[in-house]
1. Check whether at least one residue in region 57-70 is of a type in the set (Lys, Arg) and at pLDDT 85 or above, and report yes or no.
2. Could you grab me the full set of residues in region 32-47 that are loosely packed, with under 15 Cβ neighbours inside 10 Å and either part of a helix (DSSP H, G or I) or in contact with a strand residue (DSSP E or B) (Cβ under 9 Å, 6 or more places away or on another chain) (or both)?
3. Return yes when residue 35 is at pLDDT below 90, at positive phi and among the acidic types (Asp, Glu) and no when it is not.
4. Just to be sure I understand the filter: pairs with C-beta atoms under 8 Å, separated by 6 or more residues or on different chains, first member in region 49-78 and over 19 Å from residue 23 (Cα atoms) and exposed (fewer than 10 other Cβ atoms within 10 Å of the Cβ), second member at pLDDT below 90 and not aliphatic (A, V, I, L, M). Which pairs pass?
5. Among the listed residues 29, 10, which satisfies the condition of being assigned to a helix (DSSP H, G or I) and either surrounded by 14 or more Cβ atoms within 10 Å (Cβ to Cβ) or in contact with an Asp or Glu (Cβ under 8 Å, 6 or more places away or on another chain) (or both)?
Amino acid sequence: MDVAQALVMGMQTWGIIGAIVALIFLTIGIDRIDEDARGAYVFRPLLIPAVLLIWPIVLWRWWQIETERAAWAARYRPVRAYYGAAVCLMSLGIVVIVFTGLSIRQTWPGDVAPVQLSEGVTQ
């Protein structure tokens, strides 16, 4: 088995486990941990891609809420403490990327003669 086959098999395994977790979580689990999701079945298919990718986090968070290890206040408190810093860093990153792109000048090799292309001529 080469590296490519191992990567494909690993991704298939991840996807299969994610599909199983998505099926169980979206049919049983989401009703148990979020009372606002009870009876709301239309939006659940929209969550399938996310659960397929981050199923370990979904399982961990589900376990925390079910065993009441998660503090009630922290359960619904949005994680916004670092949003401002993230916005500033991303804005700064965009400015740096644009400035770097404009400051790097590419020059054409001076010793290469230009070639005019014409119709019907093949080389």
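1. Yes; the residues of region 57-70 include at least one that is of a type in the set (Lys, Arg) and at pLDDT 85 or above.
2. Within region 32-47, 32, 35, 36, 45, 46 meet the criteria.
3. So residue 35 fails the test.
4. Going by the 8 Å Cβ cut-off, the qualifying pairs are 69/63.
5. The match here is 29.
The values are calculated or read from the model by the stated rules, or taken from the named source; none is laboratory data. What you are looking at is a predicted structure, and each value in this text was computed from that prediction instead of being measured. Note that we place each Cβ from the backbone using ideal geometry, even for glycine, and neighbour counts take in every protein chain shown.
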